[in-house]
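A.B. asks: I'd like to ask you about the structure that follows.
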Amino acid sequence: QVHLEESGGGLVQAGGSLRLSCRTSERTGSMAWFRQAPGKEREFVAAIRLRDGTTDYTDSAKGRFTISRDNAKRALYLQMNRLKPEDTAVYYCAASTSLILTGIVSTYDYWGQGTQVTVSS
């Protein structure tokens, strides 16, 4: 069982930045960030293959968010810049044993508890 723990959420004004972190108990094949706003389904934000750092982003995250990892620390990060009110959501860290990057919730085996990000206008 892989344990994931997110941190770094909070309240920020529109246009501001936040950096989310996720610590994992074991190294896996790929990791991702998802988010879920109230009343909406969980949606993909970004993913990274731990072996070579290959990344993938949803369109709304491209150019504003950067996913990265530190394999030695077993840590995953999401740098979020130019935040918008519509980015408000609970952000979840997810891990998969697969090396294939996907944005599909069901392909991820392990999930953190989530961290709240609130962007005020």
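The values are calculated or read from the model by the stated rules, or taken from the named source; none is laboratory data. A quick note: this is a predicted structure, and the numbers were derived from the prediction, not measured. When we count neighbours, we look across all protein chains shown, and the Cβ atoms used for this are built from the backbone with ideal geometry, even at glycine. What goes into the accessible areas is simple: the full protein's heavy atoms, side chains included, and nothing from ligands, DNA or RNA. Shrake-Rupley method; radii C 1.70, N 1.55, O 1.52, S 1.80 Å.
A.B. asks: May I ask you to list the residues in segment 37-64 that are hydrophobic (A, V, I, L, M, F, W, C) and farther than 17 Å from THR118 by Cα?
C.D. replies: Quick first cut of segment 37-64, residues hydrophobic (A, V, I, L, M, F, W, C) only: 37, 44-48, 50, 61.
Answer for segment 37-64, where residues must be hydrophobic (A, V, I, L, M, F, W, C) and farther than 17 Å from THR118 by Cα: PHE44, ALA46, ALA47, ILE48, LEU50.
A.B. asks: Kindly indicate which of LEU50, LEU20 is touching a Ser or Thr at 6+ places or on another chain (Cβ under 9 Å), free of Cβ contacts under 8 Å to residues at least 40 places away in the same chain and open to solvent by less than 20 Å² (accessible area, probe 1.4 Å).
C.D. replies: Working: LEU20 fails: free of Cβ contacts under 8 Å to residues at least 40 places away in the same chain.
Going through LEU50, LEU20 in turn, the sole match is LEU50.
A.B. asks: Can you say whether ASP70 is among the acidic types (Asp, Glu), farther than 30 Å from SER121 by Cα and modelled with pLDDT of 95 or more, as far as the supplied structure shows? Can you show your working first?
C.D. replies: Details: among the acidic types (Asp, Glu): yes; farther than 30 Å from SER121 by Cα: yes; modelled with pLDDT of 95 or more: yes.
Against the criterion (among the acidic types (Asp, Glu), farther than 30 Å from SER121 by Cα and modelled with pLDDT of 95 or more), ASP70 qualifies.
For every residue, the table says whether it meets (1) under 16 Å from GLU6 (Cα atoms); (2) more than 12 Å from the chain's Cα centre (by Cα); (3) of a type in the set (Gly, Ala, Ser).
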| residue | (1), (2), (3) |
| --- | --- |
| THR24 | yes, yes, no |
| GLU43 | no, no, no |
| ALA46 | yes, no, yes |
| SER60 | no, yes, yes |
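Yes/no matrix, rows are residues, columns are (1) in contact with a Lys or Arg (Cβ under 9 Å, 6 or more places away or on another chain); (2) open to solvent by 40 Å² or more (accessible area, probe 1.4 Å); (3) farther than 13 Å from LEU18 by Cβ; (4) modelled with pLDDT under 95:
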site: THR55; (1), (2), (3), (4): yes, yes, yes, no
site: ASP59; (1), (2), (3), (4): no, yes, yes, no
site: ARG64; (1), (2), (3), (4): yes, no, no, no
site: ASN81; (1), (2), (3), (4): yes, yes, no, no
site: TYR91; (1), (2), (3), (4): yes, no, no, no
site: ILE100; (1), (2), (3), (4): yes, yes, yes, yes
